[in-house]
Amino acid sequence: MIFDLIRSVLNDMYYNIRAYVSTMTIMDAADILLVTVLVYFGIRLLRKSNAFGVLKGFLVLILLLWVSELLRLNVLTFLLNSALQVGLLAVIIIFQPELRKMLGQMGAGALSSLVGRTEAYDTEKEISQAVEACRAMSWSRQGALIVFERRVILTDVVKTGTMINAAVTTELLKNIFFPKAPLHDGAIIIKGGKIICAGCMLPLSSDNKLSRDLGMRHRAAIGMSENSDAVVVVVSEETGSISVVTNGMLKRHLTPEALEKLLRIELAPAIEKEAPEGFAGFFHRLKRRGKAE
């Protein structure tokens, strides 16, 4: 009986799909393509967060609900429907930070990818000055926390610091992070070739699986990258080790040369200019980021 029911359902699905495809228009195909792209980006944004596990749980509940409706298990269907309705509200409350990050990246990142990005400042100088400062601070074991803002605007973080709005220079970076300087404990935000502010407070990572030997600077750097697309550079005060965090991934014990190479990959405008503009550039950058991950 169950196999007959499944066979009947599959036959109905086949004829429905066949009938739909035979009447499909260009707008229907575009509609399906847009929904596919949105689902793909949603999965990409949720994949590295705690919300992805909850998403898989919801998919299991939906599958069970579908099976229970096929088998006409009324009590189980009622319970699963109730669980899904309450669960959707709970997910919105519990995963508010992840949803905020996802919407911020969709608004700031996807739109700028579609129209392309141009840089009006000297990124090469910005990178070289930052690398030389990190080299010197690593040698003297002078702690530092440097945030390079990209597409996601860090307005809330900037409000916690002191405005500077000065050009990026090795000397200024070393002076800001000098142990007795008033702003040395916080992070600096670099945007458009300038140090926007210093002494900023960054959100700490809530990942309980992080190594216990990571200090507050590293945890703040990981937390910042989890909540934005920023590139964060950390110089350890205890060991002088240089680290970089992007998309929640920590790369430790970098040489100044490796740091410079990584920053050029993440920040240099030449990489973006080599890509075509418009929708072609969007898919080109999407392919490139997929390979990088």
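The values are calculated or read from the model by the stated rules, or taken from the named source; none is laboratory data. For clarity, every value in this text was computed on a predicted model and none was experimentally measured. Counting neighbours? That spans all protein chains shown, and the Cβs are built from the backbone with ideal geometry, glycine included. The accessibility values were calculated without ligands, DNA or RNA, using every heavy atom of the protein model including side chains. Shrake-Rupley method; radii C 1.70, N 1.55, O 1.52, S 1.80 Å.
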The one condition in (1) within 22 Å of LEU254 (Cβ to Cβ); (2) open to solvent by less than 20 Å² (accessible area, probe 1.4 Å) that LEU154 fails to fulfil: (1)
Filtered residue count, region 178-191, keeping only those that are open to solvent by 10 Å² or more (accessible area, probe 1.4 Å) and touching a helix residue (DSSP H, G or I) at 6+ places or on another chain (Cβ under 7 Å): 3
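Every residue, every condition in (1) within 25 Å of ILE176 (Cα to Cα); (2) at pLDDT below 85; (3) open to solvent by less than 80 Å² (accessible area, probe 1.4 Å), yes or no:
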{"site": "GLY193", "(1), (2), (3)": "yes, no, yes"}
{"site": "HIS218", "(1), (2), (3)": "yes, no, yes"}
{"site": "THR239", "(1), (2), (3)": "yes, no, no"}
{"site": "SER243", "(1), (2), (3)": "yes, no, yes"}
{"site": "LYS251", "(1), (2), (3)": "yes, no, no"}
{"site": "LEU262", "(1), (2), (3)": "yes, no, yes"}
{"site": "PRO276", "(1), (2), (3)": "no, yes, yes"}
{"site": "PHE279", "(1), (2), (3)": "no, yes, no"}
{"site": "LEU286", "(1), (2), (3)": "no, yes, yes"}
Selection from region 217-271 of residues that are assigned to a helix (DSSP H, G or I) and among the hydrophobic types (A, V, I, L, M, F, W, C): ALA220, ALA221, ILE222, MET224, ALA258, LEU259, LEU262, LEU263, ILE265, LEU267, ALA270, ILE271
Residue in region 52-64 that is nearest to the chain's Cα centre (by Cα), counting only those that are modelled with pLDDT of 75 or more and surrounded by 14 or more Cβ atoms within 10 Å (Cβ to Cβ): LEU61
Set ASN175, ASN165, ASN208: member being of a type in the set (S, T, N, Q), assigned to a strand (DSSP E or B) and open to solvent by 20 Å² or more (accessible area, probe 1.4 Å): ASN165
Residues located in region 129-151, provided they are open to solvent by less than 20 Å² (accessible area, probe 1.4 Å) and among the small types (Gly, Ala, Ser): ALA130, ALA133, GLY143, ALA144
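One line per residue, one yes/no per condition, for (1) open to solvent by 100 Å² or more (accessible area, probe 1.4 Å); (2) at pLDDT 65 or above; (3) under 20 Å from GLY223 (Cα atoms):
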site	(1), (2), (3)
ARG7	yes, yes, no
TYR15	yes, yes, no
THR25	no, yes, no
LEU38	yes, yes, no
ASN50	yes, no, yes
TRP66	yes, yes, no
THR77	no, yes, no
LEU84	no, yes, no
ALA108	no, no, yes
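Every residue in region 124-162 that is part of a loop (DSSP other than H, G, I, E, B), out of contact with any His (no Cβ under 8 Å at 6 or more places or on another chain) and touching a residue at least 24 places away in the same chain (Cβ under 8 Å), please.
Result: SER140, ARG141, GLN142, GLU149, ARG150, ARG151, VAL152, ILE153, LEU154, THR160, GLY161.
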Which numbered condition LYS180 misses (of (1) closer than 24 Å to GLY248 by Cα; (2) part of a loop (DSSP other than H, G, I, E, B)): (1)
